[in-house]
Amino acid sequence: MHLKVNNLVKFYNKEQPLISSLNFSVEKGEIVSFLGESGVGKSTFLKCIAGLESINSGSIELNEKVLNNKDIFVPPQKRNIGFVFQDYPLFPHLTLKENIVFNLDKRFLKKLDYMLDLTNLNSLIKRYPHELSGGEQQRACIARALIREPDLLLLDEPFSSLDAGIKHSIIDEIYQIIKATKTTTILVTHDIKDSLNIADKILVFKAGKLQQYDNPVEMYCKPANCYCARILGGINKYEKEGESYYIRAEKIKIEEKSKIALIVKKSLFQGKEYSITTDYNGETWNVFSLKPFKKEEVIYVSFEEEDLIFFPPHCHNYF
């Protein structure tokens, strides 16, 4: 394993640890997305990996080297970890090229042309940060991190400041760059679509504990618990034989007639399709349709029994 986190504990208040006995590992070149609600410790976790925060117990190993345990603490500058923050911290008085090579070991200078080609920044090297778009600044930060050949790249909400119009193209560009350099990466993001689109694995975190760690398809189709189901997308409640089940909106088909009738409350156009908000026996259901429906119109739906998801009763308060 390229990165191994063993029994990691981090707290400011011992009674309310941010991270409780976290265990997971990452293969070389994988992109792992770290998901959780605000305040659960995602950014703190990245800082622990980078050495910007101390840990209370456990260990962190990277590329077969112990970075942190009860006896060892490797300082941040010696961990060979790249860190890209959400606010693109470029030096305003330096050009793009000067920002990338700032304090760079001479042995990496030979990679400058390759990195500029890879990030498509060749024509911008003489510009200052205020002359660059948000996407160009972001790529400059990525280039600055990757030219140093880090063993690990940490991305903390790197897409949150981008305009929606360019966000998807920039995400795709950065994904291609990371995969081309085979750089192991941990991404913290609030946007579920970012995780589903580019991550090899997703780690869901709540109340200081790992909830599930798996590939996006398994995470979405077979959530380990209610929290994982909810955080990865909308889900509808369905009562069957006295038990509560759940079904993803995209698994529901609109029919001319069926046993399940929904009352339309709202139709919202989302580009390729409409998101239809409905009422089903007092429960709010969301379904997708290629055409809109009028408010209070009755529509009929069906789904496959195998697509129903069941959770224990104590889980249901998450919905």
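Please determine, in degrees from 0 to 90 and to the nearest 10, the orientation of helix 134-146 with respect to the longest principal axis defined by the Cα atoms of the chain, where the helix direction is its Cα long axis.
60
Of [x] 15.4; [y] 19.6; [z] 16.5, which is the value of mean projected area of the Cα convex hull in nm² derived from the coordinates here?
Evaluating mean projected area of the Cα convex hull in nm² on these atoms matches [y].
Kindly put Phe83, Phe310 in sequence by how many other C-beta atoms sit within 10 Å of each C-beta, fewest to most. Mind showing how you got there, number by number?
Details: Phe83 21, Phe310 10.
Sorted ascending by nearby Cβ count, the order is Phe310, Phe83.
With 10 angstrom as the radius, rank Met219, Met115 by how many other C-beta atoms surround their C-beta, starting from the fewest.
Working: Met219 26, Met115 22.
Taking fewest neighbouring Cβ atoms as first place, the list is Met115, Met219.
Extending each Cα 7 Å along its Cβ direction at Lys265 and His93, get the distance between those two points in nm, one decimal.
Inter-label distance under the simple model: 5.7 nm.
What Kirkwood Rh does segment 166-283 have if only Cα atoms enter the pairwise 1/r average? Answer in Å.
On the way: mean 1/r = 0.0585 Å⁻¹.
One over the average 1/r among Cα pairs gives 17.1 Å for segment 166-283.
What does the helix-only formula give at 222 nm for the chain: each DSSP H stretch with n ≥ 4 adding -39500 (n - 2.57), the total divided by the residues, and the result rounded to the nearest 500 deg cm²/dmol?
Values: 8 runs with 72 residues, N = 319.
Computed ellipticity for the chain at 222 nm equals -6500 deg cm²/dmol.
At 0.36 nm per residue, and after removing the present C-alpha to C-alpha distance, how many nm does the segment from Gln77 to Thr284 gain when stretched out fully?
Once the chain is fully extended between Gln77 and Thr284, it gains 69.4 nm.
Select from segment 1-75 those chymotrypsin sites (Phe, Trp or Tyr not before Pro) which occupy a DSSP coil region and have at most 13 other Cβ atoms within 10 Å, ordered by residue number. Write out the running numbers ahead of the final one.
On the way: sites: Phe11, Tyr12, Phe24, Phe34, Phe45, Phe73; in loops: Phe11, Tyr12.
Listed in order of number, the matching sites are Tyr12.
Determine, from the Cβ-Cβ distance of Asn23 and Glu256 and an R0 of 45 Å, the FRET efficiency 1/(1 + (r/R0)^6), rounded to the nearest 0.05. Don't jump to the answer; show the numbers that get you there.
Numbers: r = 51 Å, r/R0 = 1.13.
Computed FRET efficiency for Asn23 and Glu256: 0.35.
Could you pull the Cα extents of segment 1-105 along its three principal axes, largest to smallest, in whole Å?
Its Cα atoms span 46, 32, 26 Å along the three principal axes.
Mind checking the angle between helix 164-181 and the chain's longest principal axis? C-alpha axes, 0 to 90 degrees, to the nearest 10.
The angle comes out near 60 degrees.
Obtain the nm distance between the two label points defined at Glu53 and Leu112 by a simple spin-label model: each point lies 7 Å from its Cα along the Cα-to-C-beta direction.
3.6
Can you tell me the length gained on complete extension of the stretch Lys222 to Leu196, counting 0.36 nm per residue apart and subtracting the Cα distance?
Values: separation 26, 0.36 × 26 = 9.36 nm, distance 1.40 nm.
Gain in length upon complete extension: 8.0 nm.
Please go through segment 138-237 and write out the chymotrypsin sites (Phe, Trp or Tyr not before Pro) that DSSP classes as loop and that have at most 13 other C-beta atoms within 10 Å. Each step should come with its number before you reach the end.
Numbers: sites: Phe159, Tyr175, Phe205, Tyr213, Tyr220, Tyr227; in loops: Phe159.
Passing both the DSSP loop test and the Cβ count: no residue.
For the chain, give me every cysteine whose Cβ has no other Cys Cβ within less than 4.7 Å, ordered by residue number.
When partners are defined as cysteine Cβ atoms under 4.7 Å apart, the chain leaves Cys48, Cys141, Cys221, Cys228 without one.
Can you list which of the GluC sites (Glu not before Pro) found in segment 1-99 are DSSP loop residues with at most 13 other C-beta atoms within 10 Å? The partial results should precede the final answer.
Numbers: sites: Glu15, Glu27, Glu30, Glu37, Glu53, Glu61, Glu64, Glu98; in loops: Glu15, Glu27, Glu30, Glu37, Glu53, Glu64.
Within segment 1-99, the qualifying GluC sites (Glu not before Pro) (loop, at most 13 other Cβ atoms within 10 Å) are Glu15, Glu27, Glu37, Glu64.
Quick one: Ile247, Ile186, Ile254, fewest Cβ neighbours within 10 Å first, how do they rank?
Values: Ile247 20, Ile186 23, Ile254 17.
Listing Ile247, Ile186, Ile254 from fewest to most nearby Cβ atoms yields Ile254, Ile247, Ile186.
Computed FRET efficiency, Cβ-Cβ of Glu304 and Asn6, R0 30 Å: what is it to the nearest 0.05?
Values: r = 41 Å, r/R0 = 1.36.
Once rounded, the FRET efficiency stands at 0.15.
If you take every DSSP beta bridge fully contained in the chain, what fraction is antiparallel? Give it as a percent rounded to 5. Don't jump to the answer; show the numbers that get you there.
Numbers: 47 of 63 bridges.
Around 75 percent antiparallel, to the nearest 5.
Which residue, Gly41, Gly282, Gly233, tops the fluctuation ranking in a GNM of the chain built on C-alpha contacts under 10 Å?
Of Gly41, Gly282, Gly233, the most mobile in the Gaussian network model is Gly282.
Gap in Å between the Cα centre of segment 63-126 and the Cα centre of segment 168-220?
21
Quick note: the coordinates plus some simple rules give every number you see, no bench work behind them. The model shown is predicted, which means the values in this text are computed figures rather than measured ones. Ideal geometry is used to build each Cβ from the backbone, glycine not excepted, and the neighbour counts take in all protein chains shown.
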